Amino acid sequence: MLKIVTIAGTNSQDSINNSLIAYTKTLMDDVEFLNIDLNNYLLPIFGVDYETENGLPSAVKSLNKVIDQADGFMLSLAEHNGSYSAVFKNTLDWLSRINLSVWRNKPMLLMATSPGARGGANVLASAQAYFPFLGADIKATFSLPSYSKNFSEGRIQNSELQKILKQKVLVFKEQLHKVEPISH
C-alpha cells in the first residue's frame, strides 16, 4: 500500500491547514497516511554553530525516518506574514542538513488556506518556486481562500472549490500510482 506523508506547515493546535488535509484525505482511498504533527518534532532554531557543537537533533533524525517511508506527500502550508511559518521553515532547514532532497523526488500535492481572500497565495508561490530545489515533484496545487466562508462541518462548502480540489486530488492519485511503492 502506498504511504502518503501529510504535513500542515504550522504548530497551531487548531490549524485550518490541518483541517484541509483531513478533508483531502477523505478524497483518497487505498493509501496509508503518515501524519506529521510538527509539535511532535520540537527542534532548536537552526544554526551551523549549534549543529557543529551538538550535532543533529534526535527529533529531526526521527522525522527524516518518517519521510524516508513516503511514496508521496500532501502538504498544506500556513502563511505567516506572507511566508512559511517559523516552525515549518526551521524544520525544513534541519531536514535539509540530513538530505538536501527533503522531498525525495516523490509526487506532492501542495495546498494552502488562510482566512483571507488570497488563500495563502504567497506561501504557495514561494513553495512552488523553492521546493523543487529540495526534491519536490509537485503534481498539483490548491489554494482555499476565505477559509471560514468556504470550509465548515469538516469539508469545503463551496461546490466549485470542492470540484477543483477533487480534480487536483485525481491528478495527484494518478501520479502516485505511477510510483513504485517503497518496500516498507
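Values in this text are rule-based calculations from the coordinates and carry no lab data. Please read these numbers as outputs of a predicted model, since none were measured by experiment.
Counting only alpha carbon atoms, the long axis of helix 58-68 and the longest principal axis of the chain meet at about 50°. Per 5 Å bin from zero, what fraction in whole % of the C-alpha pairs of region 2-176 is there, up to the bin with the longest pair? Histogramming region 2-176 at 5 Å steps yields 1, 9, 18, 22, 21, 15, 8, 3, 2, 0, 0 percent. Each helix, a run of at least 4 DSSP H residues, gives -39500 (n - 2.57); summed and divided by the residues of the chain, these come to -12000 deg cm²/dmol at 222 nm. Residues whose amide H lies under 5 Å from that of Thr6, counting only those 5 or more places away or on a different chain, are Leu34, Asn35, Ile36, Met74; hydrogens are built 1.01 Å from N in the peptide plane.
Remark on Ala140: its backbone amide H falls under 5 Å from those of Met108, Leu110, a criterion applied only to residues 5 or more positions apart or on other chains, H modelled at 1.01 Å from N. Where does helix 86-98 land angle-wise versus the long Cα axis of the chain, in degrees 0 to 90, nearest 10? The angle comes out at about 50 degrees. Kindly express, to the nearest 10 degrees and within the range 0 to 90, the angle between helix 121-130's C-alpha long axis and the longest C-alpha principal axis of the chain. It is inclined by approximately 50 degrees. Working note: Karplus 6.51/-1.76/1.60 with θ = phi - 60° gives region 104-113 the couplings 6, 6, 9, x, 9, 9, 10, 10, 7, 9 Hz, where Gly and Pro are set to x. Our coupling estimate for region 141-152, obtained by passing each phi through the Karplus curve with A = 6.51, B = -1.76, C = 1.60 and θ = phi - 60°, is 10, 8, 10, 9, x, 6, 3, 5, 7, 9, 9, 7 Hz, Gly and Pro reported as x. Of the lysine pairs in the chain, how many meet both conditions: Cα atoms under 14 Å apart, and a spacing of 8 or more in sequence or different chains? Close lysine pairs found across the chain: 15.
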